[in-house]
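The block underneath contains the structure these notes are about, expressed in structure tokens.
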Amino acid sequence: MGERARAFWVTAPGLGEVRDVAVAAPGEGEVLVRTLYSGVSRGTEALVFRGGVPPGQYGAMRAPFQEGDFPGPVKYGYLNVGVVEEGPADLVAGVVFSLYPHQTRFVVPSTAVRRVPDDVPPGRAILAGTVETAVNALWDAPPLVGDRVTVVGAGMVGCCLARLAAGVPGTRVQLVDVDPARAGIADRLGVGFATPEAAAPQRDLVFHTSASQEGLTRSLELVATEGEVVELSWYGDREVRVPLGGDFHSRRLTVRASQVGSVAPARRGRYDHGDRLDLALRLLADPAFDAVVTGESRFAELPSVLPRLADGSLPALCHRVAYP
């Protein structure tokens, strides 16, 4: 027999509600998971909530277990930590991470969950998908020993990326953001901080995560001659102008994309998506990542919380959702 659960749906741009849903009994090779926490990836989920996904990207933007279609009604999300209640014996009672939306209970193939290591608190493990994005970016453009690295944009991805880059011996990492209050978070992550106007120049490698035209422009200004800017931002339906005039060519600059949907070519032959996610979960044993979780609310509050996250009136990096 199946059971009932509750799930958060974006019913139309700017509107959401919690709905009762049916959950089938798990079959062979499936698990029933009871959610402990989910995370709101503020940048992407705010874009979905506002209805800002361009029609040409509806397919690319689908979450692994999304239901419905953009702009809505749609059930969307991909940072979920829960306990396996039914399934294979080696997973039952284990804490697992999955790319499932905000829902109290759900059934997925057992291959779609990854066990959370014992030394990683469940409330921190919701960052696994974000740390995975940072890992992929560092595989795309690995810093060398002693590099001067700048991350422009102190959001979820930028903060996780800065923390990982700081682990390369001798690197000098600076996190850049328009909000001076992010300096405290940078300090907890063990990296430097600057506003865009005060950012250090001549950087060997710059990662851009601010999803703003101004941030990309500043990234190109900060990188050293023959340096590389790695673009991780998702702009949705906004057009962005890239300043390729001036000294872009004379300084022989490079702009490249990094996106978590595919394993970086440098590791594609040896890692699959599951291996990469397992690595991200192991890295979350580092308690410094707690700095990235900046708020928490109850699941039932999501219909009132998402609008505030989307319009910025509720400041957040990763907003954690706790389940009864």
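For the range 284-320, a residue qualifies if it is touching an Asp or Glu at 6+ places or on another chain (Cβ under 9 Å), surrounded by 16 or more Cβ atoms within 10 Å (Cβ to Cβ) and more than 22 Å from ARG34 (Cβ to Cβ), and the qualifying residues are ALA291, LEU306, LEU309, ALA310. Note on the range 238-288: among residues that are more than 22 Å from the chain's Cα centre (by Cα) and of a type in the set (A, V, I, L, M, F, W, C), the one that is modelled with the highest pLDDT is LEU253.
Residues checked against (1) surrounded by 19 or more Cβ atoms within 10 Å (Cβ to Cβ); (2) touching a His at 6+ places or on another chain (Cβ under 6 Å); (3) at pLDDT below 95; (4) aliphatic (A, V, I, L, M):
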{"position": "GLU17", "(1), (2), (3), (4)": "no, no, no, no"}
{"position": "TYR37", "(1), (2), (3), (4)": "yes, no, no, no"}
{"position": "GLU45", "(1), (2), (3), (4)": "yes, no, yes, no"}
{"position": "GLU67", "(1), (2), (3), (4)": "no, no, no, no"}
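Taking the conditions (1) surrounded by fewer than 17 Cβ atoms within 10 Å (Cβ to Cβ); (2) of a type in the set (Asp, Glu); (3) under 24 Å from the mean Cα position of the chain (by Cα) in turn, GLU28 satisfies each one other than (3). May I ask you to say which residue of ARG163, ARG124 is under 19 Å from the mean Cα position of the chain (by Cα), part of a helix (DSSP H, G or I), more than 17 Å from VAL206 (Cβ to Cβ) and basic (Lys, Arg)? Testing whether each residue is under 19 Å from the mean Cα position of the chain (by Cα), part of a helix (DSSP H, G or I), more than 17 Å from VAL206 (Cβ to Cβ) and basic (Lys, Arg) leaves just ARG124. Being in contact with a Leu (Cβ under 9 Å, 6 or more places away or on another chain), β-branched (Val, Ile, Thr) and farther than 23 Å from CYS318 by Cβ: is that true of VAL40 here? Spelling it out, it is not the case that VAL40 is in contact with a Leu (Cβ under 9 Å, 6 or more places away or on another chain), β-branched (Val, Ile, Thr) and farther than 23 Å from CYS318 by Cβ.
The values are calculated or read from the model by the stated rules, or taken from the named source; none is laboratory data. Quick caveat: nothing in here was measured; it's all calculated off a predicted structure. Heads up, the Cβs are rebuilt from the backbone with ideal geometry, glycines too, and the neighbour counts pull from every protein chain shown.
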